[in-house]
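The values are calculated or read from the model by the stated rules, or taken from the named source; none is laboratory data. This one's a predicted model, so the numbers in the text were calculated from it and none came from an experiment. Cβ placement follows ideal geometry from the backbone for every residue including glycine, while neighbour counts extend to all protein chains displayed.
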Amino acid sequence: MRKFLDVQYSEYEETLVDIYLPDTDNFTTVVNFHGGGLDHGAKSGPTFDILAKLFTDRGYALASVEYRKYPNAKYPDFLVDAAKATAFVKNYVKDLGSNGKIMIMGQSAGAWMSLMLCFNQEFLANEGIQNEDICGWFIDSAQTTSHFNVLQQEKGLHKLAQRIDEFSPMYYLGEDTKFSKMMLVLYDQDMPCRYEQNQLFYKAVLAYNPEADIEYRLVSGRHCSAAKQCNEKGESLYADLFFDWAKK
């Protein structure tokens with residue numbers, strides 16, 4: 001595994017990315033956005049180090065992105081950062097063995113960010129990337145309505161408020177919405193309303209586009225717990241879910 005750590009992708013001090021490359025060429029690159037409610041969380045840690053090895057051992061590159069967060073940021077700073085990071089990573093790995101394919105992955109707040117990039121396509125378009133350039137979206141327990149912390153910080157609403165407005169991926173869903181393929185990871189003991197939000201999102205996508213390549217897996221556990229669970233073989237459940245879906 002080759003490592004390129006704390007690479008600066010924009011002018012802001014906190015906009016860093018860790019890039020882990022396999023020891024082989026012709027790899028697909030997965031750009032990951034961590035969770036943490038848009039006000040905490042980090043791009044690195046013990047769990048992510050394990051995932052990085054699992055992904056590179058399977059021939060994938062994995063890029064873990066740090067982005068601006070509350071209280072030093074406001075909407076849409078973190079989405080601007082996410083789009084810039086995606087374009088930066090795509091270009092960075094171009095001459096390091098990449099096959100040019102990019103997938104996007106996120107957990108919780110990072111999953112909400114991923115969906116916002118997918119459905120409000122102006123952020124990626126501003127960086128020269130079209131939705132069809134992303135070959136897959138792996139979404140781990142996203143808030144598909146407006147993100148609770150954005151509603152708190154930007155509108156002063158209670159964290160349990162449910163809204164579908166410009167801060168919601170569903171707000172941008174329509175007849176012309178197209179994406180390659182998408183996996184939603186849901187949990188039976190998730191945060192309040194999170195399972196129902198994802199079910200509504202899933203059904204809404206299929207209502208507009210019955211042929212959409214979207215699926216979901218319901219995992220027994222709490223919010224984003226697949227990253228710490230193992231399958232029946234003692235392997236990472238999170239990686240297992242990703243690899244089974246990605247190879248289809």
Next on the checklist: Condition (residue is modelled with pLDDT of 95 or more, in contact with a strand residue (DSSP E or B) (Cβ under 8 Å, 6 or more places away or on another chain), closer than 18 Å to Val17 by Cα and small (Gly, Ala, Ser)) applied to region 78-85: is it met by at least one residue?
Outcome noted: yes
Checklist entry - For Ile19, are the conditions met, namely being among the β-branched types (Val, Ile, Thr), touching a residue at least 12 places away in the same chain (Cβ under 8 Å), buried (at least 21 other Cβ atoms within 10 Å of the Cβ) and in contact with a strand residue (DSSP E or B) (Cβ under 8 Å, 6 or more places away or on another chain)? => result yes
Next on the checklist: So, Ile129, is that one surrounded by fewer than 23 Cβ atoms within 10 Å (Cβ to Cβ), over 13 Å from the mean Cα position of the chain (by Cα) and in a loop (DSSP other than H, G, I, E, B) or not?
Outcome noted: yes
Checklist entry - How many residues, within region 229-247, are under 19 Å from the mean Cα position of the chain (by Cα) and either loosely packed, with under 13 Cβ neighbours inside 10 Å or acidic (Asp, Glu) (or both)? => result 3
Checklist entry - Restricting the search to region 132-158, which residues are under 15 Å from Val31 (Cβ atoms) and in a helix (DSSP H, G or I)? => result Asp133
Next on the checklist: Looking at Gly110, Gly136, can you tell me which residue is closer than 23 Å to Gly36 by Cα, in contact (Cβ under 8 Å) with a residue 60 or more places away in the chain, crowded, with 16+ Cβ neighbours inside 10 Å and in contact with a His (Cβ under 6 Å, 6 or more places away or on another chain)?
Outcome noted: Gly110
Next on the checklist: For Asp188, only one of the following conditions fails: (1) more than 27 Å from Leu62 (Cα to Cα); (2) in contact with a helix residue (DSSP H, G or I) (Cβ under 9 Å, 6 or more places away or on another chain); (3) among the charged types (D, E, K, R); (4) assigned to a loop (DSSP other than H, G, I, E, B). What is its number?
Outcome noted: (4)
Next on the checklist: Within region 144-179, take every residue that is at pLDDT 95 or above and hydroxyl-bearing (Ser, Thr, Tyr) and give me the one that is surrounded by the most Cβ atoms within 10 Å (Cβ to Cβ).
Outcome noted: Thr144
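Conditions tested, residue by residue: (1) under 20 Å from Leu51 (Cβ atoms); (2) acidic (Asp, Glu); (3) surrounded by fewer than 21 Cβ atoms within 10 Å (Cβ to Cβ).
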| site | (1), (2), (3) |
| --- | --- |
| Tyr75 | no, no, yes |
| Phe78 | no, no, no |
| Lys84 | no, no, no |
| Lys101 | yes, no, yes |
| Asn120 | no, no, yes |
Checklist outcome for this item: Given (1) touching an Asp or Glu at 6+ places or on another chain (Cβ under 8 Å); (2) closer than 25 Å to Lys159 by Cβ, Ser44 misses just (2)
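For (1) under 25 Å from Glu11 (Cβ atoms); (2) charged (D, E, K, R); (3) in a helix (DSSP H, G or I); (4) touching a Ser or Thr at 6+ places or on another chain (Cβ under 6 Å), each residue gets a yes or a no:
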| position | (1), (2), (3), (4) |
| --- | --- |
| Asp25 | no, yes, no, no |
| Thr28 | no, no, no, no |
| Asn32 | yes, no, no, yes |
| Leu38 | yes, no, no, no |
| Lys53 | no, yes, yes, no |
| Gly59 | no, no, no, yes |
| Arg68 | yes, yes, no, no |
| Ala73 | yes, no, no, no |
